[in-house]
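See below for the structure under consideration.
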Amino acid sequence: MKTATKISVWFLAATFTILFAISCSSNKNDDENGSDVSSSSTDGAQAPVSSSVSTSSSSSSSHYDSSEQSSSSSEVGSSSGIAMSSSDIAISSSSIVISSSSIAISSSSIAISSSSMADSPAPVFRDVTVHDPSIFRVNDNSSTDKYRIIGSFLGSAKTGDLINWTLEQSGGTATNLKYYPKDNPNASIQKVADQRAYVINRMKTASVPNPGFEFFASDIHRMPNGKFYHYYSMTSEWMGSIGVAIADAADGNYITQGLFVHHGGTISSGIPPNCIDPQAFFDKTGQNFYMVYGSWSGGIFIYEIDTETGLPKTGSAMNDEFSGYGRKILHSNHFHIEAPYIIYSPDSDYYYLFVSYGGLAANDGYNIRIFRSSNPYGPYEDARPTAALNLTSGNYQTSGVKIVGGYQFAQVTGENALANRIGRNGFLSPGHNSAYYDSATRKYFLIHHTRFVGEGEGHAVRVREMFVNEDGWLVAAPFRYDAGTIRKFNTKQLAGSWKILSHEQDINTTVHTSSLYTFNENGSITGTASGTWTLGADGKTAHITLSGKLYKGVFLRSYDEYHSVWVYAFTALSSDGFALWGATPGVATDMNVSRETLLRQKIVAGLL
């Protein structure tokens, strides 16, 4: 009996030793091939992964607000959760003695996981309605007010994480709004009320005796000296003027420096431009300051700006071009192109010019496109390449690299989209964006407003992460920014069913929808079309070939808020500028649980 007992105890200790070895081997394999957050099914299909064994969900708290319950952090433990030293198994020539305390292993001591292997908690999204959002940095260390956006009608909102937004003001034309420009004590600078009257009177005619007035899209830039420069657009009907106001703090007061460029009075000629949609930015040296502007008639123009005054530099030859409207960087003879925004990428050494094509209404097909240049003032061109200055009525609709348009990931069998979740039926007219590069995290963000299928003209702000692909083009994430941390994968995780859509190059007034495909572990793609897929050695680079066309981009982990589950996704671009998006179905299954979590569960349950 004594010998049998010793053998049983020895066998139990050996079992745990073997399990520990298996775990170490599994962890090593995961480190080599990317963080392993799911196990593959027997037929090679890969289901999306949840951040916990059970998935919880909640419906929107209001029409444009949504919140999700955070995932439990109990899955995350130390990678050294099973620790067995030589003292734990005391084996001598005379006996094998293992005390009961040496094999007492609690559930917490065998949680084999790490932060790199577990999904982030489900993000809590809070939406705001700001039309034409332009982002600026405010308080670097604030958890609620690190970034702000300002839009048309002086509407504004703030956030600390680009996920949870708080509305500052809805906007309008009231003079007590935070960002409404205030009079300058310098008598030589036109008072704000007179600026407004000037803009309205230029539009007033016998047939239009009472023209409307609005502040169209604004832009605020925090300067190196801590001041904030507010570039505002006063507009009456289609005739606009741009001015600048300066404040010592983000909350103002913003003191006007005057209007400095005005629409010339016609909407059909190549000159002058429509003087709205300003955006200010520094070049890569941080020394030269510019403002880009324009919409529809006349095209997109750029000025050199004096950093001290915030006004166009005097004596600049570039500013004197086109009768003083500055350098033209995109031609538009009343084409549906507006909302210019420029950022520089230190990863590609390109400047990217974002513009919106189409009209802003839900059925007008707003979509976001980019051109790029080695210089802030151009020349800009797209991927084919088509020069932005050579656009004509015959080629403009297929020009530019279209990175976001109206779309929907179609529902597939097994998915159960949450009812009353805005956006579940698709997105329409995403556009008038700003963009931001965070030098600390080296992340790129796209901030835009969008409308939704079945919601009329209601709109809300969306933030997407962007990535620079191998060809030096920015590609946008299919889902909104969620602060997820998993960035590397292995082929077993990615193999399985995928919903894939192309954004095409049209001004689409209805959504482009996804079709169903299968990524097989052998690298082939089957489904609506055939092709191949590969995962780069870095665990994230994506090469996807469909119908003979190669798309380059990245795989990523994204939170599908419509099914309350983490999914795999990709965003990629072809060499001729077609954007391709993909996402795994939003279905939570047992396959969402990692091998380490399953091992822990089985040991605790006494199955091993």
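The values are calculated or read from the model by the stated rules, or taken from the named source; none is laboratory data. Small disclaimer: the values here were computed from a predicted structure and weren't measured. So basically every Cβ, Gly included, is an ideal-geometry build from the backbone, and we count neighbours across all protein chains shown.
Kindly indicate whether TYR147 is touching a helix residue (DSSP H, G or I) at 6+ places or on another chain (Cβ under 7 Å), crowded, with 21+ Cβ neighbours inside 10 Å and among the hydroxyl-bearing types (Ser, Thr, Tyr).
Numbers: touching a helix residue (DSSP H, G or I) at 6+ places or on another chain (Cβ under 7 Å): no; crowded, with 21+ Cβ neighbours inside 10 Å: yes; among the hydroxyl-bearing types (Ser, Thr, Tyr): yes.
No; evaluated as a whole, the condition is false for this residue.
The set of residues in the stretch 356-369 being surrounded by 24 or more Cβ atoms within 10 Å (Cβ to Cβ) and either of a type in the set (S, T, N, Q) or more than 21 Å from VAL511 (Cβ to Cβ) (or both) consists of SER356, ASN367. Taken together, LEU154, LEU167, LEU177 contain a single residue that is closer than 22 Å to ILE447 by Cβ, surrounded by 15 or more Cβ atoms within 10 Å (Cβ to Cβ) and in contact with a Phe, Trp or Tyr (Cβ under 8 Å, 6 or more places away or on another chain), which is LEU154. A search for C-beta distances below 6 Å between a residue of the stretch 504-528 that is assigned by TED's automatic domain parsing to the domain that holds SER393 and without any contact (Cβ under 8 Å) to a residue 60 or more places away in the chain and any residue that is outside any strand (DSSP E or B) and not aromatic (Phe, Trp, Tyr), counting only pairs 6+ apart in sequence or on different chains, returns nothing.
Within the stretch 269-282, does at least one residue satisfy the condition of being over 27 Å from LEU177 (Cβ atoms), modelled with pLDDT of 95 or more and in contact with a Pro (Cβ under 9 Å, 6 or more places away or on another chain)? Yes, there is a match, as at least one residue in the stretch 269-282 is over 27 Å from LEU177 (Cβ atoms), modelled with pLDDT of 95 or more and in contact with a Pro (Cβ under 9 Å, 6 or more places away or on another chain).
Going through (1) out of contact with any Gly (no Cβ under 6 Å at 6 or more places or on another chain); (2) assigned to a loop (DSSP other than H, G, I, E, B) one by one, ILE189 falls short only on (1). Within the stretch 366-425, if we keep just the residues that are aromatic (Phe, Trp, Tyr) and within 24 Å of the chain's Cα centre (by Cα), the residue that is nearest to ASP347 (Cα to Cα) turns out to be PHE371.
No other residue among ALA339, ALA280 is within 21 Å of ALA217 (Cβ to Cβ), small (Gly, Ala, Ser), in the same structural domain as LEU360 (by TED's automatic domain parsing) and in contact with a Phe, Trp or Tyr (Cβ under 7 Å, 6 or more places away or on another chain) apart from ALA280.
Scanning the stretch 284-298 for residues that are closer than 19 Å to ILE135 by Cα and assigned to a loop (DSSP other than H, G, I, E, B) returns LYS284, GLY286, GLY294.
The set of residues from the stretch 233-263 being closer than 15 Å to ARG148 by Cβ and among the hydroxyl-bearing types (Ser, Thr, Tyr) comprises just one member, TYR254.
You will find that of VAL261, VAL199, the residue that is surrounded by 20 or more Cβ atoms within 10 Å (Cβ to Cβ), out of contact with any Pro (no Cβ under 7 Å at 6 or more places or on another chain), closer than 19 Å to TYR303 by Cα and in the same structural domain as ARG327 (by TED's automatic domain parsing) is VAL261 and no other. Count of the stretch 452-465 residues, restricted to those that are touching a Leu at 6+ places or on another chain (Cβ under 8 Å) and more than 16 Å from ILE163 (Cβ to Cβ), is 2. Exactly one residue out of GLY324, GLY298, GLY286, GLY315 is crowded, with 22+ Cβ neighbours inside 10 Å and either on the phi > 0 side of the Ramachandran plot or among the acidic types (Asp, Glu) (or both), and it is GLY298. Considering (1) farther than 24 Å from ILE343 by Cβ; (2) in a loop (DSSP other than H, G, I, E, B); (3) in contact with a His (Cβ under 7 Å, 6 or more places away or on another chain); (4) not β-branched (Val, Ile, Thr), the lone condition that CYS275 does not fulfil carries the number (1). Could you go through the stretch 403-424 and let me know if any residue there is at pLDDT 95 or above and of a type in the set (Lys, Arg). No: the stretch 403-424 contains no residue that is at pLDDT 95 or above and of a type in the set (Lys, Arg). Only one of the listed residues (PHE281, PHE301, PHE260) is more than 30 Å from the chain's Cα centre (by Cα), of a type in the set (A, V, I, L, M, F, W, C), part of a strand (DSSP E or B) and under 24 Å from SER152 (Cα atoms). That residue is PHE260.
Give the residues of the stretch 368-422 that are among the acidic types (Asp, Glu) and touching a Phe, Trp or Tyr at 6+ places or on another chain (Cβ under 7 Å), sorted by residue number. Those that are among the acidic types (Asp, Glu) and touching a Phe, Trp or Tyr at 6+ places or on another chain (Cβ under 7 Å): GLU381, ASP382.
For the stretch 427-451, a tally of residues being in contact with a Leu (Cβ under 9 Å, 6 or more places away or on another chain) and among the β-branched types (Val, Ile, Thr) returns 2.
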